[in-house]
1. Can you tell me which residue is most open to solvent (accessible area, probe 1.4 Å) among those in the stretch 98-111 that are over 15 Å from the mean Cα position of the chain (by Cα) and either within 12 Å of Glu152 (Cβ to Cβ) or in contact (Cβ under 8 Å) with a residue 60 or more places away in the chain (or both)?
2. I'd like the full set of residues that are farther than 24 Å from Asp179 by Cβ and open to solvent by 40 Å² or more (accessible area, probe 1.4 Å), limited to the stretch 112-125.
3. Which pairs have Cβ atoms under 6 Å, sit 6 or more apart or on different chains, and link a residue in the stretch 8-31 that is under 12 Å from Lys87 (Cβ atoms) to one that is open to solvent by 20 Å² or more (accessible area, probe 1.4 Å) and in a strand (DSSP E or B)?
4. With the requirement that a residue be within 26 Å of Pro97 (Cα to Cα), modelled with pLDDT under 80 and out of contact with any Ser or Thr (no Cβ under 8 Å at 6 or more places or on another chain), what does the stretch 190-226 give you?
5. Only one of Arg88, Arg134, Arg138 is of a type outside the set (Ser, Thr, Tyr), open to solvent by 10 Å² or more (accessible area, probe 1.4 Å), modelled with pLDDT of 95 or more and more than 16 Å from the chain's Cα centre (by Cα). Can you tell me which?
6. Suppose we filter the stretch 11-38 for residues that are buried (at least 16 other Cβ atoms within 10 Å of the Cβ) and not small (Gly, Ala, Ser); how many remain?
7. Just give me the residues in the stretch 31-49 being modelled with pLDDT of 90 or more and of a type outside the set (Asp, Glu), in sequence order.
8. Kindly list the number of the only condition in (1) at pLDDT below 95; (2) more than 29 Å from Met15 (Cβ to Cβ) that fails for Ile151.
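The values are calculated or read from the model by the stated rules, or taken from the named source; none is laboratory data. As the structure is a prediction and not an experimental result, all values here were calculated from the model. Glycine also receives a Cβ, built like all others from the backbone with ideal geometry; neighbour counts cover every protein chain displayed. We work out accessible area using only protein heavy atoms, side chains counted, and drop any ligands, DNA or RNA first. Shrake-Rupley method; radii C 1.70, N 1.55, O 1.52, S 1.80 Å.
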Amino acid sequence: MQAHEIDYHIYGEEMQYVEIELDPQEVVVAEAGSFMMMDNGIKMETIFGDGSAQQSGMFGKLLSAGKRILTGESLFMTAYMNQDSGKRKVSFASPYPGKIVPIDLTQYQGKFICQKDSFLCAAKGVSVGIEFSRKLGRGLFGGEGFIMQKIEGDGMAFVHSGGTLARKELKAGEVLKVDTGCIVGFTKEVDYDIEFIGGIKNSIFGGEGLFYATLRGPGIVYIQSLPFSRLAGKIMAASGINSTKEEGGVLGGLGKIVDGI
């Protein structure tokens with residue numbers, strides 16, 4: 001294995017955190033802001049890019065960092081190394097109510113595709129990049145579902161979902177239609193596209209955006225009941241702050257024109 005082998009335990013129900021046990025010299029990398037606590041003997045270090053083995057030389061590091069900018073993430077990640085002679089633990093917390101999903105990449109043929117803001121942490125050696133869409137429709141109208149992250153390697157990774165988590169195992173040819181913001185992630189075999197909901201009343205007055213994602217099996221799909229954008233939108237609406245961002249895509253805000261916004 002290229003990635004470090006790590007042991008873990010997930011605690012809690014609604015506001016979860018994952019505790020990772022590191023052997024001497026083992027490393028876990030995480031997004032900035034996810035750190036919760038750690039034992040003495042673990043060294044914290046800011047790294048450029050994702051710290052994966054695929055980053056060879058300055059060009060590789062710049063390419064990795066550039067991919068992270070495109071997904072809206074920071075240029076840097078944080079690495080946690082156990083420098084002690086015994087096992088030590090480090091914990092990372094969920095950013096909002098939901099579930100932490102452990103992803104064993106060896107069970108998913110070395111690749112998992114997820115929402116750009118759902119990645120939490122992973123064993124060192126796991127690569128975090130972007131999954132480019134090959135279809136124009138996804139790029140123009142995908143909303144949150146457009147720029148997806150790809151997690152590659154042979155180690156453990158952890159992603160976060162909001163609200164209640166649903167795991168769907170699609171058979172070959174089976175189709176699931178999902179709000180783009182409700183997608184947590186899916187295996188690489190799943191075919192993904194964006195479809196127009198249709199109908200003037202649905203488009204303008206429906207309040208669900210103009211587009212949804214279609215996921216075609218075979219493969220495994222994880223769905224969240226509470227996307228962060230939906231939670232943020234409710235908070236902003238309650239506070240009297242207007243938000244024009246919609247989960248359904250760049251044209252999803254047409255309905256607000258009717259309200260005089």
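1. Gln109
2. First, pick out the residues of the stretch 112-125 that are farther than 24 Å from Asp179 by Cβ: 121-125.
Hit for the stretch 112-125 is Lys124, nothing else.
3. Final answer for the pair search is Glu19/His9; Glu19/Lys89; Ile20/Tyr8; Glu21/Asp7; Glu21/Lys89; Leu22/Arg88.
4. Gly207, Glu208
5. Working: Arg134 fails: modelled with pLDDT of 95 or more; Arg138 fails: modelled with pLDDT of 95 or more.
Within the list Arg88, Arg134, Arg138, the selection yields Arg88.
6. Taking the stretch 11-38 as the starting set, the residues that turn out to be buried (at least 16 other Cβ atoms within 10 Å of the Cβ) are 16-22, 26-31, 34-35, 38.
In the following step, the residues that additionally are not small (Gly, Ala, Ser) were identified as 16-22, 26-29, 31, 35, 38.
So the answer is 14.
7. Restricting attention to the stretch 31-49, the residues satisfying the condition of being modelled with pLDDT of 90 or more are 34-45.
Ser34, Phe35, Met36, Met37, Met38, Asn40, Gly41, Ile42, Lys43, Met44, listed by residue number.
8. Condition (2) is where Ile151 drops out.
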